[in-house]
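After the structure tokens below, expect a handful of questions from me.
The values are calculated or read from the model by the stated rules, or taken from the named source; none is laboratory data. All values reported here derive from a predicted model rather than from experimental measurement. Cβ coordinates were reconstructed from backbone atoms using ideal geometry, including for glycine residues, and neighbour counts include every protein chain displayed. Each accessible area value is taken on the protein alone, full model and side chains, heavy atoms only, with ligands, DNA and RNA left out. Shrake-Rupley method; radii C 1.70, N 1.55, O 1.52, S 1.80 Å.
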Amino acid sequence: MSGFKKFLIRGNLVDLAVAFVVGAAFAGLVKDFASSFITPLIALIGGKPDYTRLAVTIDGTTFPYGIFVTSAVTFAITATIVYFLVVLPTSKLIERMDRGKEAAERECPQCLSDIPVKALRCRFCTSEVTPAAEMPY
């Protein structure tokens, strides 16, 4: 039981559970934002905000393609909102925070693989490399 207990309390599992709960809540928030603000704006431009009733009938079989169209529009709106309101600001923030840090790796001049800055030999192609302190800049 102690191994199972360690597995449940392990940081990765707890982080994943928290991320899942927060992601589900955020998905609801984005969905509600899209249905409250974006879909009515589309309705002003295009006329109908809901295409779920669109269908075509062939030989007595109904193909409700409107459901797919509505889902595709909702997905595009959600992806756009997530990108511009979450991904882009987060990546800019991480970029700002990493500005002052020194590089931990550099390229091997022979095989162009990333190796530690202080390495004397490439771990991939085993060629000797000049230590970073002696490198001309």
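Looking at Glu102, Glu128, Glu107, which one is modelled with pLDDT under 85 and farther than 30 Å from Leu29 by Cβ?
Within the list Glu102, Glu128, Glu107, the selection yields Glu102.
Examine the range 41-49 for a residue that is at pLDDT 85 or above and not charged (D, E, K, R), and state whether such a residue exists. Explain how you work it out, then say what you get.
Going residue by residue through the range 41-49, those that are at pLDDT 85 or above are none.
Scanning the range 41-49 turns up no residue that is at pLDDT 85 or above and not charged (D, E, K, R).
Taking only the range 55-75 into account, find how many residues are more than 19 Å from Ala24 (Cα to Cα), open to solvent by 70 Å² or more (accessible area, probe 1.4 Å) and in a helix (DSSP H, G or I).
3
Quickly run through the range 76-134 and pick out the residues that are part of a helix (DSSP H, G or I) and among the polar types (S, T, N, Q).
Passing the criteria: Thr78, Thr80, Thr90, Ser91.
Test of understanding: among Val82, Val86, which residue is closer than 14 Å to Leu29 by Cα and loosely packed, with under 13 Cβ neighbours inside 10 Å? If you could, list the steps in order and put the result at the bottom.
Numbers: Val82 fails: loosely packed, with under 13 Cβ neighbours inside 10 Å.
Only one candidate qualifies: Val86.
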